[in-house]
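First up is the structure itself, then whatever we jot down about it.
Since every read-out is calculated from the coordinates, none of them should be taken as a lab result. Quantities reported herein were computed from a predicted structural model and do not represent experimental measurements. Every residue, glycine as well, gets a Cβ built from its backbone with ideal geometry; the counts of neighbours run over all protein chains shown.
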Amino acid sequence: MRFRELVEEGYRSHAPLDHYARKLGVTTARLNTCCRLTTGKSSLALINERLLTEAKRTLLYSDVTVNEIGAALGYADQAYFNRFFSRNVGLSPGRFRDNLLLRDNGTP
């Protein structure tokens, strides 16, 4: 799907949905309908999912600080990145990383 390619190219830019829709030559409503039909998720949910995947990957496989991760993902406001991550994952980015490290070290 071309939408996924566009998301992959620009998820860090936080472009509005109409940006993607225009590039695909459809309305935002049509884009959402197509995404829901093919994936069961809205176009915004797919963009957010990509951001979260990258955040989780970076938290797991690097020593980059949470603030640096947020900045690299296009969040000018680190508090907003923390809220976004916490709302979608159920843990703050720091707690998420700590839990992964504890689990990998064999600690319950």
Legend entry - Structure-based [θ]222 nm, the chain - -39500 (n - 2.57) summed over DSSP H runs of at least 4, per residue, nearest 500: -22500 deg cm²/dmol
Legend entry - Farthest toward positive dipole pole in the chain [+1 Lys/Arg, -1 Asp/Glu at C-beta], among L37, G10, F84: L37
Legend entry - Dipole of region 1-107, positive end: most advanced residue of I47, L60, G74 [Cβ charges, Cα centre]: I47
Inset, instruction - Treating only the Cβ atoms of Lys and Arg (+1) and Asp and Glu (-1) as charged, compute the dipole magnitude of the chain about its Cα centre; round to the nearest 20 debye. - result: 440 debye
Legend entry - Relative contact order computed over the chain (Cα-Cα under 8 Å; 6+ residues apart), in percent: 20 percent
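So, R0 is 22 Å and r is the distance between the beta-carbons of A72 and A29; what FRET efficiency does that work out to, to 0.05?
On the way: r = 32 Å, r/R0 = 1.44.
Plugging the Cβ-Cβ distance into 1/(1 + (r/R0)^6) gives 0.10.
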